[in-house]
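Notes follow the structure.
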């Protein structure tokens, strides 16, 4: 019997040895993954996208109680203001009707001039509405999950906005769920124009409420309160999207306060917009899956 | 020499530790309607790994913890390897301090967790900084650490109830 037990004893020792070294091996694998994370790998992208769809129902379910509380507070807050808003809106509608007539006339004139001069404007693209279902980033990432994916026409790299302004851009796309990297994320880079001076810069997130400006050629003409819009020079985001306003100018640089309240995102819109001459036309497989130096980072082009 | 008979544990006894760790990872998706809270929400997965590594280490394989960490990274969008490194650090620390932590005193368990989760928070910060090649502010991670330690009794109580409901190991 003793001789028969020996092989099993040996196996048990091997198992023990493997268990002891498995820990170190897995730690080393984690470090290797972190080091390799700088290289875009298609399998990681596919895995992330597939997982988004898998966890979307859970995320949606877990967001419901919080959403219900938020909606209830908002409805209570709104009820008090409804009467005042109603009379204000009626007056505004009358004003807007007059302006609309004037704008229709201007648009017609503009179209006529463009036709005469042969000017072609960028296609403004269609908008896809989506609900924010989760904010799972944690302390070092600023992302949200939205309930729209390939099925709705969402593509990687697309700009995400609200009525107030730019929210971020799409980084992972599942079948019916996508991940959006906010402009406040430390990896976000947005090519912007500042104020009346039209100074170009790159805005980068800092995992805080106020992103900062990089590569500003001349800071002299920039003042607190100056509006910041996308410049379109990154070849990814369309130009003219409102981003925020200059909040601080100091020794640590220029900080921007985004127009959008990133803590309270409900619905967003994804702009399905192609930059002519910079990105391949839609339908091509590599449209927004260009290999980058790192998964989430993109350089916004030279300011 | 005859090997002692191996008692087969019930499937749910074997699955419960890892299943609760995965459940804790999914709690990251919970939407709390407090501005800024989701960025510093407690790290439930660290709590779950810590508790099960003390109570039922035989059913919490390293590979399982590694996979749960990767799963967390994929959900959060953090660099792959950061979550697994943090969770493995928790398991490794508990493994090294097993004798001290296998105590009936909740105060010691909590104190042990405060130290363990500090190691996990530092490991996460270092891993993300390494992956991004930039020094990140440690304050959000520090705030998350404090909330994680503060929230530990609630989740530990829940996990304790689950653990007591499982059959005792042979």
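The values are calculated or read from the model by the stated rules, or taken from the named source; none is laboratory data. Note that the structure is a prediction, hence the values are computed from the model and not measured. Cβ: placed from backbone, ideal geometry, glycine included. Neighbour counts: every protein chain shown.
So which helices (runs of 4 or more DSSP H) are wholly in segment B:62-157 and hold at least 3 residues that are within 12 Å of chain A (Cβ to nearest Cβ) and crowded, with 16+ Cβ neighbours inside 10 Å? Quick ask: steps written out before the conclusion?
Values: elements: B:62-76, B:82-96, B:98-101, B:106-132.
Correct list: B:62-76, B:82-96, B:106-132.
Select from segment B:18-61 the residues that are within 20 Å of residue B:99 (Cβ to Cβ) and either at the interface with chain A (Cβ under 7 Å from one of its Cβ atoms) or in a helix (DSSP H, G or I) (or both) and list them in ascending order.
First, pick out the residues of segment B:18-61 that are within 20 Å of residue B:99 (Cβ to Cβ): B:49-60.
B:49, B:50, B:51, B:52, B:53, B:54, B:55, B:57, B:58, B:59, listed by residue number.
Return only the number of the condition from (1) modelled with pLDDT of 90 or more; (2) under 15 Å from residue A:33 (Cβ atoms) that residue B:132 does not satisfy.
The number of the failed condition is (1).
Check whether at least one residue in segment A:118-131 is touching a helix residue (DSSP H, G or I) at 6+ places or on another chain (Cβ under 8 Å) and at pLDDT 85 or above, and report yes or no.
Yes: segment A:118-131 contains one or more residues that are touching a helix residue (DSSP H, G or I) at 6+ places or on another chain (Cβ under 8 Å) and at pLDDT 85 or above.
Out of the residues in segment A:13-45 that are at pLDDT below 70 and either in contact with a strand residue (DSSP E or B) (Cβ under 6 Å, 6 or more places away or on another chain) or within 10 Å of chain B (Cβ to nearest Cβ) (or both), state the one that is surrounded by the fewest Cβ atoms within 10 Å (Cβ to Cβ).
Keep residues of segment A:13-45 that are at pLDDT below 70, which gives A:16, A:38-41.
Applying the additional criterion that residues be either in contact with a strand residue (DSSP E or B) (Cβ under 6 Å, 6 or more places away or on another chain) or within 10 Å of chain B (Cβ to nearest Cβ) (or both) yields A:38, A:41.
Working: A:38: 15, A:41: 13.
Filtering first and then ranking leaves A:41.
For segment A:193-226, name all the residues that are free of Cβ contacts under 8 Å to residues at least 12 places away in the same chain and either crowded, with 20+ Cβ neighbours inside 10 Å or not in a loop (DSSP other than H, G, I, E, B) (or both).
So in segment A:193-226, the residues free of Cβ contacts under 8 Å to residues at least 12 places away in the same chain come out as A:198, A:220.
Of everything in segment A:193-226, nothing turns out to be free of Cβ contacts under 8 Å to residues at least 12 places away in the same chain and either crowded, with 20+ Cβ neighbours inside 10 Å or not in a loop (DSSP other than H, G, I, E, B) (or both).
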